[in-house]
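Only the coordinates and a few stated rules stand behind these numbers; no lab work does. Just so it is clear, the structure is predicted and the values come from calculations on it, not from any experiment. Cβ atoms come from the backbone with ideal geometry, glycine included; neighbour counts cover every protein chain shown.
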């Protein structure tokens, strides 16, 4: 990706094109869900290792989805802040049924 986006509203439609394969979206969903669970564990235990687990599972799920199923480069490498936000929007849309997974 070489385009730079001036707003999240411009970026998000592009982000969805990079997640056309349902298996990629599912890998994202599982990774994000695992990251949420790890953060809850961190809050409960105050063990900082859970933060590492959150990072590994969160990004791991996304990268598996891109490298194995979409065969593309994660937008995180070029647009890290928009991509982080877009992942949460996509997660919420899948959770609420607005986006199929």
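So if R0 is 22 Å, what FRET efficiency would residue 40 and residue 95 give, r being the distance between their Cβ atoms, rounded to the nearest 0.05? Display every interim value, and only then the final one.
Working: r = 16 Å, r/R0 = 0.73.
According to the calculation, E is roughly 0.85.
From zero outward in steps of 10 Å, how is the percent of C-alpha pairs of the chain spread across the bins?
All Cα pairs considered, the percentages come to 16, 46, 30, 8, 0.
For residue 33 and residue 3, what does the FRET efficiency come to when R0 = 30 Å and r is the distance between their Cβ atoms, rounded to the nearest 0.05?
Details: r = 30 Å, r/R0 = 1.00.
E(calc), rounded to 0.05, equals 0.50.
Once you have all Cα-Cα distances for segment 4-47, histogram them in 10 Å bins from zero and send the whole-percent values.
25, 30, 29, 17, 0
Take the chain, connect every pair of alpha-carbon atoms lying under 10 Å apart with a spring to form a Gaussian network, then pick out the residue of 87, 78, 44 with the largest mean-square fluctuation.
44
Rank-order 88-95, 59-66 by packing density, defined as the average count of other C-beta atoms within 10 Å over each peptide's residues, highest first. Mind showing how you got there, number by number?
On the way: 88-95: 15.5, 59-66: 19.6.
So the order, starting with the most tightly packed, is 59-66, 88-95.
Can you pull the Kirkwood radius for segment 60-101, inverse mean 1/r over Cα pairs, to one decimal in Å? Provide the component values of the computation, followed by the final result.
Working: mean 1/r = 0.0913 Å⁻¹.
Taking the inverse mean of 1/r over all distinct Cα pairs, segment 60-101 comes out at 10.9 Å.
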